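What follows is one structure encoded as C-alpha coordinates, with my remarks underneath.
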Amino acid sequence: MTSKKTIVYSQRVEIIESYQERRDCADQNIPRFLGACGFISVPVPNVVQAVEDFINTINPAGIVLTGGNSLVCYGGNAPERDATDKKLLEIALNKRVPVYGFCRGMQSILDYFGCRLEDVEGHVAVRHLVNGSWGEFEVNSYHNQACLQVKEPLQIAEITEEGVIEAIECQRYRLMATMWHPERENPFRKSDIERIQNLFNNR
(Lines give C-alpha, C1' and ligand atoms only; values in the text may rest on other atoms or scores of the structure.)
Protein backbone atom coordinates (compact mmCIF):
# COMPACT_ATOMS: atom_id res chain seq x y z
CA MET A 1 0.00 0.00 0.00
CA THR A 2 1.35 3.43 -0.94
CA SER A 3 1.91 5.65 2.10
CA LYS A 4 0.25 9.04 2.15
CA LYS A 5 2.30 12.21 1.98
CA THR A 6 2.40 14.49 5.01
CA ILE A 7 1.42 18.15 4.87
CA VAL A 8 2.04 20.59 7.73
CA TYR A 9 -0.25 23.53 8.38
CA SER A 10 0.01 26.71 10.46
CA GLN A 11 -2.38 27.67 13.24
CA ARG A 12 -4.01 30.85 14.50
CA VAL A 13 -3.20 32.32 17.91
CA GLU A 14 -6.00 32.70 20.44
CA ILE A 15 -5.28 34.88 23.48
CA ILE A 16 -7.00 33.63 26.65
CA GLU A 17 -6.69 36.50 29.12
CA SER A 18 -8.27 34.65 32.06
CA TYR A 19 -5.52 32.01 31.92
CA GLN A 20 -2.79 34.35 30.67
CA GLU A 21 -2.23 31.91 27.81
CA ARG A 22 -1.57 32.27 24.10
CA ARG A 23 -2.96 29.16 22.44
CA ASP A 24 -2.44 27.69 18.97
CA CYS A 25 -5.60 26.38 17.31
CA ALA A 26 -7.13 25.64 13.92
CA ASP A 27 -10.47 24.76 12.42
CA GLN A 28 -11.03 20.99 12.43
CA ASN A 29 -12.14 21.31 8.81
CA ILE A 30 -8.54 22.04 7.78
CA PRO A 31 -7.30 18.45 8.38
CA ARG A 32 -10.63 17.20 6.99
CA PHE A 33 -10.05 19.14 3.77
CA LEU A 34 -6.42 18.02 3.49
CA GLY A 35 -7.57 14.45 4.15
CA ALA A 36 -10.05 14.79 1.28
CA CYS A 37 -7.05 15.81 -0.85
CA GLY A 38 -5.37 12.53 0.13
CA PHE A 39 -2.83 13.80 2.66
CA ILE A 40 -1.99 13.30 6.31
CA SER A 41 -1.77 16.70 8.01
CA VAL A 42 0.13 17.89 11.09
CA PRO A 43 -0.20 21.33 12.76
CA VAL A 44 2.87 23.53 13.30
CA PRO A 45 3.25 25.35 16.65
CA ASN A 46 3.76 29.11 16.67
CA VAL A 47 7.16 28.74 18.34
CA VAL A 48 9.61 30.01 15.77
CA GLN A 49 12.64 28.58 17.59
CA ALA A 50 11.22 25.07 17.08
CA VAL A 51 9.95 25.43 13.51
CA GLU A 52 13.10 24.40 11.62
CA ASP A 53 13.64 21.25 13.72
CA PHE A 54 9.94 20.47 13.36
CA ILE A 55 10.06 20.69 9.55
CA ASN A 56 13.32 18.75 9.32
CA THR A 57 11.79 15.96 11.42
CA ILE A 58 8.46 15.81 9.59
CA ASN A 59 10.01 16.38 6.11
CA PRO A 60 6.62 17.37 4.66
CA ALA A 61 5.57 17.18 1.03
CA GLY A 62 4.01 20.62 1.43
CA ILE A 63 3.20 23.50 3.76
CA VAL A 64 -0.19 25.16 4.21
CA LEU A 65 -0.42 28.67 5.66
CA THR A 66 -3.94 28.98 7.07
CA GLY A 67 -6.33 31.80 7.99
CA GLY A 68 -6.76 33.82 11.18
CA ASN A 69 -4.87 36.71 12.86
CA SER A 70 -4.10 39.85 10.89
CA LEU A 71 -0.43 40.62 10.28
CA VAL A 72 0.98 42.83 13.05
CA CYS A 73 1.86 45.58 10.57
CA TYR A 74 -1.86 45.75 9.68
CA GLY A 75 -3.22 45.79 13.23
CA GLY A 76 -2.78 42.18 14.35
CA ASN A 77 -1.73 41.09 17.83
CA ALA A 78 0.11 37.81 17.20
CA PRO A 79 3.77 38.54 16.34
CA GLU A 80 4.64 34.88 16.92
CA ARG A 81 2.28 33.96 14.09
CA ASP A 82 4.01 36.43 11.76
CA ALA A 83 7.41 35.01 12.71
CA THR A 84 6.27 31.42 12.20
CA ASP A 85 4.77 32.11 8.76
CA LYS A 86 7.94 33.96 7.71
CA LYS A 87 10.14 31.11 8.92
CA LEU A 88 7.99 28.52 7.15
CA LEU A 89 8.29 30.49 3.90
CA GLU A 90 12.06 30.84 4.29
CA ILE A 91 12.42 27.08 4.82
CA ALA A 92 10.05 26.29 1.94
CA LEU A 93 11.92 28.48 -0.52
CA ASN A 94 15.30 27.10 0.59
CA LYS A 95 14.19 23.45 0.49
CA ARG A 96 11.89 23.81 -2.53
CA VAL A 97 8.85 22.69 -0.53
CA PRO A 98 5.52 23.68 -2.19
CA VAL A 99 3.34 26.13 -0.25
CA TYR A 100 -0.37 26.82 -0.34
CA GLY A 101 -1.77 29.76 1.61
CA PHE A 102 -5.37 30.82 2.15
CA CYS A 103 -6.78 34.10 3.49
CA ARG A 104 -4.23 35.20 6.14
CA GLY A 105 -1.84 32.67 4.57
CA MET A 106 -2.05 34.45 1.22
CA GLN A 107 -1.48 37.77 3.00
CA SER A 108 1.68 36.34 4.60
CA ILE A 109 2.99 35.36 1.16
CA LEU A 110 2.14 38.78 -0.29
CA ASP A 111 3.85 40.55 2.60
CA TYR A 112 6.93 38.33 2.30
CA PHE A 113 7.37 39.47 -1.30
CA GLY A 114 6.76 43.13 -0.52
CA CYS A 115 3.17 43.43 -1.80
CA ARG A 116 1.08 45.95 0.10
CA LEU A 117 -2.37 45.17 1.51
CA GLU A 118 -5.25 47.66 1.39
CA ASP A 119 -8.48 47.89 3.36
CA VAL A 120 -11.43 46.64 1.30
CA GLU A 121 -15.17 46.66 1.91
CA GLY A 122 -17.81 44.07 1.11
CA HIS A 123 -15.53 41.03 1.48
CA VAL A 124 -16.59 39.68 4.88
CA ALA A 125 -19.00 36.72 5.11
CA VAL A 126 -20.13 37.06 1.47
CA ARG A 127 -19.77 35.17 -1.81
CA HIS A 128 -18.64 36.81 -5.03
CA LEU A 129 -17.32 36.02 -8.51
CA VAL A 130 -13.66 35.81 -9.47
CA ASN A 131 -12.17 35.51 -12.93
CA GLY A 132 -8.72 34.67 -14.26
CA SER A 133 -6.47 31.94 -15.55
CA TRP A 134 -8.27 29.32 -13.42
CA GLY A 135 -11.67 30.28 -14.87
CA GLU A 136 -14.71 32.18 -13.61
CA PHE A 137 -16.46 30.95 -10.48
CA GLU A 138 -17.93 31.99 -7.13
CA VAL A 139 -15.91 31.95 -3.90
CA ASN A 140 -16.46 32.59 -0.21
CA SER A 141 -14.90 35.71 1.32
CA TYR A 142 -13.90 36.53 4.90
CA HIS A 143 -11.27 39.28 4.73
CA ASN A 144 -11.02 43.01 5.46
CA GLN A 145 -7.71 43.53 3.68
CA ALA A 146 -6.49 42.52 0.26
CA CYS A 147 -3.91 43.22 -2.41
CA LEU A 148 -4.55 45.27 -5.54
CA GLN A 149 -1.17 44.82 -7.24
CA VAL A 150 1.49 42.09 -6.99
CA LYS A 151 5.22 42.08 -7.62
CA GLU A 152 7.39 39.51 -9.37
CA PRO A 153 7.83 36.59 -8.96
CA LEU A 154 4.14 36.40 -7.96
CA GLN A 155 1.45 36.32 -10.63
CA ILE A 156 -2.28 37.02 -10.42
CA ALA A 157 -4.42 33.90 -10.94
CA GLU A 158 -7.89 35.20 -10.00
CA ILE A 159 -9.27 38.70 -9.49
CA THR A 160 -12.63 40.33 -8.82
CA GLU A 161 -14.38 42.75 -11.14
CA GLU A 162 -13.33 45.70 -8.97
CA GLY A 163 -9.66 44.65 -9.00
CA VAL A 164 -9.24 42.80 -5.71
CA ILE A 165 -6.71 39.98 -6.17
CA GLU A 166 -8.23 36.72 -4.91
CA ALA A 167 -5.60 34.15 -5.97
CA ILE A 168 -1.90 34.17 -6.82
CA GLU A 169 0.70 31.66 -7.93
CA CYS A 170 4.46 31.52 -8.39
CA GLN A 171 6.02 28.92 -10.63
CA ARG A 172 9.58 29.80 -9.57
CA TYR A 173 9.00 28.80 -5.95
CA ARG A 174 5.90 26.58 -6.32
CA LEU A 175 3.65 28.84 -4.30
CA MET A 176 -0.13 29.09 -4.64
CA ALA A 177 -2.60 31.07 -2.56
CA THR A 178 -6.26 32.05 -2.40
CA MET A 179 -8.18 34.59 -0.36
CA TRP A 180 -11.08 32.14 -0.10
CA HIS A 181 -11.25 29.30 2.44
CA PRO A 182 -11.46 25.88 0.74
CA GLU A 183 -12.17 24.20 4.08
CA ARG A 184 -15.37 26.26 4.53
CA GLU A 185 -17.04 24.88 1.41
CA ASN A 186 -19.65 22.19 2.09
CA PRO A 187 -19.06 19.89 0.36
CA PHE A 188 -15.40 20.58 -0.39
CA ARG A 189 -15.04 21.81 -3.96
CA LYS A 190 -13.47 19.45 -6.48
CA SER A 191 -11.48 22.22 -8.17
CA ASP A 192 -9.88 23.26 -4.84
CA ILE A 193 -8.96 19.65 -4.09
CA GLU A 194 -7.43 19.13 -7.54
CA ARG A 195 -5.31 22.28 -7.30
CA ILE A 196 -3.91 21.19 -3.92
CA GLN A 197 -3.23 17.68 -5.22
CA ASN A 198 -1.41 19.03 -8.27
CA LEU A 199 0.70 21.36 -6.13
CA PHE A 200 1.81 18.83 -3.53
CA ASN A 201 1.91 15.59 -5.53
CA ASN A 202 4.30 16.91 -8.18
CA ARG A 203 7.16 17.67 -5.83
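The values are calculated or read from the model by the stated rules, or taken from the named source; none is laboratory data. It should be emphasised that the depicted structure is a prediction, and the values quoted were computed from it without experimental measurement. Here the Cβ positions follow ideal geometry from the backbone for every residue, glycine too, while neighbour counts run over all protein chains shown. These area figures cover heavy atoms from the full protein model, side chains too; ligands, DNA and RNA do not enter into them. Shrake-Rupley method; radii C 1.70, N 1.55, O 1.52, S 1.80 Å.
Considering only residues of region 1-22 that are touching a Pro at 6+ places or on another chain (Cβ under 7 Å) and among the hydroxyl-bearing types (Ser, Thr, Tyr), which is farthest from VAL47 (Cα to Cα)? Step by step, filter region 1-22, then rank; the result is THR6. Looking at ASN140, ASN77, ASN131 in this structure, which one is polar (S, T, N, Q) and in contact (Cβ under 8 Å) with a residue 60 or more places away in the chain? Of the residues listed, the single one that is polar (S, T, N, Q) and in contact (Cβ under 8 Å) with a residue 60 or more places away in the chain is ASN77. Just one residue in the set ALA146, ALA125, ALA92, ALA167 is open to solvent by less than 10 Å² (accessible area, probe 1.4 Å) and modelled with pLDDT under 95; that residue is ALA146. The residues on offer are VAL8, VAL51, and the sole one that is open to solvent by less than 100 Å² (accessible area, probe 1.4 Å), part of a helix (DSSP H, G or I) and modelled with pLDDT of 95 or more is VAL51.
Checking TYR9, TYR19 one by one, the residue that is among the hydroxyl-bearing types (Ser, Thr, Tyr) and over 26 Å from GLU169 (Cα atoms) is TYR19 and no other. Residues being under 19 Å from TYR173 (Cα atoms), within 15 Å of the chain's Cα centre (by Cα) and of a type outside the set (Val, Ile, Thr) are represented in region 138-154 by at least one member.
In this structure, does ILE15 turn out to be touching a residue at least 60 places away in the same chain (Cβ under 8 Å), open to solvent by 40 Å² or more (accessible area, probe 1.4 Å) and touching a Lys or Arg at 6+ places or on another chain (Cβ under 7 Å)? Answer is yes for this residue.
In region 18-48, which residues are part of a helix (DSSP H, G or I) and open to solvent by less than 40 Å² (accessible area, probe 1.4 Å)? Within region 18-48, ILE30, PHE33, LEU34, GLY35 meet the criteria.
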